[in-house]
Amino acid sequence: MTSSRAYLLRALNEWILDNNCTPYIVVDAHAKSVQVPQEYVQDGQIVLNINPGSVRHLVMDNEGVSFDARFNGKSQSLYAPIHAINAIYAKENGQGMAFGDEPDPAPDEPKGPRRTDIGSATEKTDKPGSTRPQLKVIK
């Protein structure tokens, strides 16, 4: 299965905004493909305000988060792949979620189950005495 992090991130962002709070994300600034202003990185992380009133062109998809923001009056394009986002929380009360560590996705690795996984799953569920639900036609 694909990572649930992107889905949770979008849902929590919406929840924070619906409660009139300011969403902040915590990004691992040294992760692969991260594009953030390094002069604001502390202890390998950067905290970014992603409030729609503070950023432009915010895109949150299954691959990452990208937007334009101003730092010291200078506009910059930022990008954080989903695996590099460690948390999202509301600035006003700290409510949100921290995410566990996930390895960087391997670009060559096919998504979804491997052929051997499909076969073994079928064998397990087709055994006699399985608790698999069954449908009957009742007239």
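Scan the stretch 67-85 and give yes if some residue there is in a loop (DSSP other than H, G, I, E, B), at pLDDT below 95 and not hydrophobic (A, V, I, L, M, F, W, C), otherwise no.
Here is the first cut: in the stretch 67-85, the residues in a loop (DSSP other than H, G, I, E, B) are 72-73.
Applying the additional criterion that residues be at pLDDT below 95 yields 72-73.
Within this subset, residues satisfying the condition of being not hydrophobic (A, V, I, L, M, F, W, C) are 72-73.
Scanning the stretch 67-85, I find at least one residue that is in a loop (DSSP other than H, G, I, E, B), at pLDDT below 95 and not hydrophobic (A, V, I, L, M, F, W, C), so the answer is yes.
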Only unsatisfied item for Pro52, checking (1) surrounded by 15 or more Cβ atoms within 10 Å (Cβ to Cβ); (2) over 21 Å from Asp101 (Cα atoms), is (1)
Every residue from the stretch 31-46 that is free of Cβ contacts under 8 Å to residues at least 24 places away in the same chain and surrounded by 14 or more Cβ atoms within 10 Å (Cβ to Cβ) | Val41, Ile46
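When you go through Ile138, Ile46 one by one, which is the residue that is β-branched (Val, Ile, Thr) and at pLDDT 90 or above? Working first, answer last.
Working: Ile138 fails: at pLDDT 90 or above.
Step by step, each of Ile138, Ile46 is checked, and only Ile46 is β-branched (Val, Ile, Thr) and at pLDDT 90 or above.
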In the stretch 11-26, which residues are under 16 Å from Phe67 (Cα atoms) and not in a strand (DSSP E or B)?
-> Asn13, Thr22
Any chance the stretch 41-51 includes a residue that's part of a strand (DSSP E or B) and either at positive phi or touching a Pro at 6+ places or on another chain (Cβ under 9 Å) (or both)?
-> yes
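The values are calculated or read from the model by the stated rules, or taken from the named source; none is laboratory data. Note that the structure is a prediction, hence the values are computed from the model and not measured. In this analysis, Cβ positions are derived from the backbone assuming ideal geometry, glycine residues included, and neighbour counts consider all displayed protein chains.
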